[in-house]
Amino acid sequence: MNFFKRAVLCCGRQKIRGVILLLLFTALATMALIALSVSHASAESSADMKKTIGASIRIALDESRENFGPGQQTEGGVAYQYNGDYITQEIIDAISKVAGVTGYSAETESGYWGAAVNFDYFPGAFQIDYSGGRGQPVPYTVTFNSQLSRKFLNGTYTLTAGRHIGPKDSFAALISKELADKNQLSVGDRITMYDLDTDSENTFEIVGIFSGTEGMSKNAMMADGIAANQGYIDGNSYQKMWKETTLELGSLDVYIDSAENADNLLSILQNLPELKGKTFTYSVNTENFDLISDPLSSLRAMGNTAVLAVTAAGAALVTFLLFLRTRGRKREAGILMALGRSKGNIVLQFLTETILTAVPAAWASWGFSALLSERIRDFLAGQSSIEASRLHTAIRPADLAAVYGFGALILVLAVLLASVTVLRMKPGRILSKME
């Protein structure tokens, strides 16, 4: 009987040991693939976000005293009129054409106060209605790019459904998951709010739903202090509510692809015809990228550490188990050698038995890793505040080759090491010790 048939028969006889090894091989390979996936996804996402928001240049109104006119007496006191320049659409268009500029964003916290018309807010301890019977208004952040809003960058909020508000949106809104659940709202539904400042009702399409407000400010005095009630609307709709024909912003964050090139790009922006000589101030920061890159770096380090830990622990455990398994088969090896089987033939049998267990384990680990990839992606998104769509956690062919190739090498070395303790003995000595 050749070594292959002996290996198949042996696997059939030792079912329990075979199942134990199968589960062990599957678990080790799955953990290694997941760890590599985490490491690669973190590295790629970090590089991708660096290209998108490697650094930013803030352009803001210069609110020095010389840019204000003389004080005018009003009912509320003395008012000063700003006479300087505003950031207009023309300026934004010119900036967006500069090489190295990857995007821009502008937002005003509490820029819009909306009273719910066709839905309900979470109530506060006190109910105050100054919207003509429509209930208490709640503040919304007016933004041109909610993805770059600080609370999304630092992980306070995480987009769980839909998409972020973009520069081209009009009458789009983001609301909290808590508020959506309370009113049975989902992405694509429309909500109507009343704005006292413009005395108008405005209808917004829900383009995204975010989490992170859970447990915050539930004991607020009024509804406007409950985080779950607050959301985001786009800047274009805000402009239309006020019937403004031109866009006039007080500040603009310009995102660039390289922190190292920030000073050069700042000089280019300052000398654009649309900006040169205007009453603006400029500042450079990398804070937003740091908010994202730090947790991603931690995840990558965690993935690399896990790969090393799984490899070391797996190699030691597999070697130990195979050593015990082979050592317990001295009598079988002695009989085979007494019957004329070569030591190489016996080693091939042991290797074949291990391979017959490792092959289905490889298929199983691949399947488990593929099934878990989406859960891994959601976990990483929650840990790093990156949109799930930006994370690529699919199992790569190169990772499969690396894990299975290195795993095969460990198995071969483990079998050889375990076999040495048996095959170095003479057949007669082995049989005499077994009696």
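The coefficient of translational diffusion for region 135-186, derived via Stokes-Einstein from the alpha carbon Kirkwood radius under 37 °C and 0.692 mPa s, stands at 267 µm²/s.
Relative to the current alpha-carbon distance between Thr279 and Met216, full extension at 0.36 nm per residue lengthens the span by 18.7 nm. One equal scatterer on each Cα of region 211-281, no solvent, Debye formula: the resulting log10 I(q)/I(0) at q = 0.11, 0.12, 0.17, 0.27 Å⁻¹ is -0.58, -0.66, -0.88, -1.17.
A Förster distance of 51 Å, applied to the separation of the beta-carbon atoms of Asn264 and Ala408, puts the FRET efficiency at 0.50.
Distance between the 7 Å Cα→Cβ label points at Asn271 and Gln72: 3.9 nm.
Among the GluC sites (Glu not before Pro) in region 154-263, those located in a DSSP loop and surrounded by at most 13 other Cβ atoms within 10 Å of their own Cβ are Glu214, Glu244, Glu248, Glu260.
In this model, which of Lys168/Lys276; Lys243/Lys278; Lys168/Lys240 are farther than 23 Å apart at the alpha-carbon?
Violating the 23 Å limit, Cα to Cα: Lys168/Lys276; Lys243/Lys278.
Size of region 107-248 from its Cα atoms: along the principal axes, largest to smallest, the extents are 40, 35, 24 Å.
Here the spin labels are modelled as points 7 Å beyond Cα on the Cα-Cβ line, and at Thr305 and Gln127 they lie 5.2 nm apart.
Normalised by the number of residues in region 107-248, the mean separation of alpha-carbon contacts (under 8 Å, six or more apart) gives a relative contact order of 34 percent.
Where a number appears in this text, it was derived from the coordinates with a stated rule and is not lab data. Predicted, not measured: the structure shown is a model, and the values here were computed from it. Note: ideal-geometry Cβ built from the backbone for every residue, glycine included; neighbour counts use all protein chains shown.
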